[in-house]
Amino acid sequence: MNRTNLQSIFKKYIDNFEILNNEKNDETYKWEIAQEFQKFDVDAEDFVEMLTHMWKVSENLIDSSQQLPFYALVEFARREPETVREMFRKLFAEEHLGDIEKQAVIDEFIASSEELRKKYYPDSRLYTNNQRSVMMYLFLRYPNSNYGYKASQAKSFADCIEFYEDWGPMTDFRLDIFSRMCEQLIEEIKKNDALMETHMSRFENTTRKLHPDENLHILTLDIIYSSQAYNFYGDMTFDPINAKSRKLYFERVAKAKELAEAVEKAKADAALLDEAKAYIVASLTKGLTVKHRVFGEGVIEECAGTIIAVHFARTDETKKLGLTVAIGNGLISLPSEEMAQKIKEYIPVLNRETQIPGNLSRAVDELQPYLEYLD
């Protein structure tokens, strides 16, 4: 994620907050609509009247001059109110659904709407419901567990913050991937105290009935929408994400993971080497008898880190030995079987003592250019 761009968007949202919510623009209406949608009653005695009210309340949040999916449902309900009632009953039956279950519910709603369209308005594409519109019904009814989706705004926002995962075509998109972008956005929103304070100010000194938006899903939609609608991108430079750039990005992500794993392995080797040295130093103490493959038995006279001075009686001379080399190459045998077995476990790392620090340093250096892809 390009956090520099994202923080720039946050600042512009804060700086333009009064403009966004003045009498002319009034973007706070999204919170008002969501609150009113809590009155959506699938069991309403006059279902058509209730649905018509909800359509009017939603203004242009769902319908537009090019598409009238919500108005279409009102028209269908005037002809078959119980059919449309049942469609919404199934759609709103469960607030908390996994992506697979939610997709199935959305698909069923779309299929039922298409049956009615083909039956009553076969030549009108204006009356087509798709995943975007159905997601908006869910979002307004259950804003704490769903996200509002406006295709072009969401795509521009993803390009700007460099969210490379592909959720698919404009209206037929993958819920899990779009949700993941929104969740990442919310994490960053919560860290920005100024943004949170600005957002919360909309609830102060007002008699308007606004949805509390506990999970910040409405704010997420508002930031994504406002970024394009109010040209927050004007002085920002970024390229649209396409198939080529997405492929390159994920290649770099894979490389970053590979290099990060190499760093972790090098760190583990370095830690094991330190552990081996510590064990050797603690175990091979002054006065301990060891046996050298060439010089026979000897007594340790001095220990200095991993260097020991051993006096060999047979030759009556003292020799300094590097423990990691002597033990790693089996030149010294130890008096305790338990100690010998433990040292044996360390031999592979001891034999690479001179290589391990360089391996770790090199692995860390190679990872540096790819750190941003470990986001």
Which of R125, R174, R252 fluctuates most in a GNM of the chain (C-alpha springs under 10 Å)? That residue is R125
Rounded to whole Å², per residue accessible area for the chain with a 1.4 Å probe reads 52
Summing -39500 (n - 2.57) over every DSSP H run of at least 4 residues in the chain and dividing by its residue count gives a helix-only mean residue ellipticity at 222 nm, to the nearest 500 deg cm²/dmol, of -18000 deg cm²/dmol
Nearest-0.05 FRET efficiency for D172 and N144 at R0 = 30 Å, using Cβ-Cβ distance, is 0.75
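Once you charge only the Cβ atoms, +1 for Lys and Arg and -1 for Asp and Glu, what is the size of the charge dipole of the chain about its Cα centre, to the nearest 20 debye?
Approximately 1180 debye in magnitude.
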Rounded to whole angstroms and listed largest first, the alpha-carbon spread of segment 72-135 along its three principal axes comes to 35, 22, 13
Surpassing 30 Å at the alpha-carbon level, of the pairs K90/K150; K190/K265; K56/K150; K102/K209, are K190/K265
Convex hull around the C-alpha positions of segment 1-93: the volume in Å³ per residue is 148
Restricting to lysines and to Cα separations under 28 Å from K267, and discarding same-chain partners fewer than 8 apart, the set is K255, K257, K277, K342, K344
GNM on the chain, Cα springs under 10 Å; top mean-square fluctuation among L360, L138, L331 goes to L331
With label points set 7 Å from each Cα along the Cα-to-Cβ direction at A194 and V299, the distance between them in nm comes to 7.4
Projected onto their principal axes, the Cα atoms of the chain stretch, largest extent first, over whole-Å spans of 110, 42, 41
The long-range amide H neighbours of I307, using H built 1.01 Å from N in the peptide plane and a cut-off of under 5 Å, are L323
Ranked by GNM mean-square fluctuation in the chain (Cα springs under 10 Å), the top entry among Q341, Q131, Q66 is Q341
With 0.36 nm assigned to each residue of separation and the Cα-Cα distance removed, Q103 to E59 gains 13.3 nm
When the charge dipole of segment 191-262 is computed with +1 at the Cβ of Lys and Arg and -1 at the Cβ of Asp and Glu, the Cα pointing farthest to the positive end, of A194, L259, N205, is that of L259
N2 and N329 label points (each 7 Å along its Cα→Cβ direction) are spaced in nm at 5.7
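Using the per-residue mean of other Cβ atoms lying within 10 Å as a proxy for protection, in what order, highest first, do the peptides 193-200, 54-61 fall?
Details: 193-200: 13.9, 54-61: 16.5.
Per-residue Cβ counts within 10 Å, averaged per peptide and sorted highest first, yield 54-61, 193-200.
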With the label point 7 Å along the Cα-to-beta-carbon line of R352 and a cut-off under 13 Å to each amide N, the hits in segment 310-334 are none
Packing-ranked peptide list from 240-248, 177-185, highest mean Cβ count within 10 angstrom first, is 177-185, 240-248
So T52 and K286, fully extended at 0.36 nm per residue minus their Cα-Cα distance, gain in nm 75.0 nm
For the chain, the accessible surface attributable to carbon and sulfur atoms (probe 1.4 angstrom, ligands and nucleic acids excluded) amounts in percent to 50
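For K320 and Y230 in one chain, what is 0.36 nm times their gap in residues minus the Cα-Cα distance, to one decimal in nm?
Residue separation times 0.36 nm, minus the Cα-Cα distance, leaves 24.8 nm.
The values are calculated or read from the model by the stated rules, or taken from the named source; none is laboratory data. Because the structure is predicted, anything quoted here is derived from the model rather than measured. Using ideal geometry, Cβ is built from the backbone for each residue, glycine included, and neighbour counts are taken over all protein chains shown. Heavy atoms of the whole protein, side chains included, go into the accessibility calculation; ligands, DNA and RNA do not. Shrake-Rupley method; radii C 1.70, N 1.55, O 1.52, S 1.80 Å.
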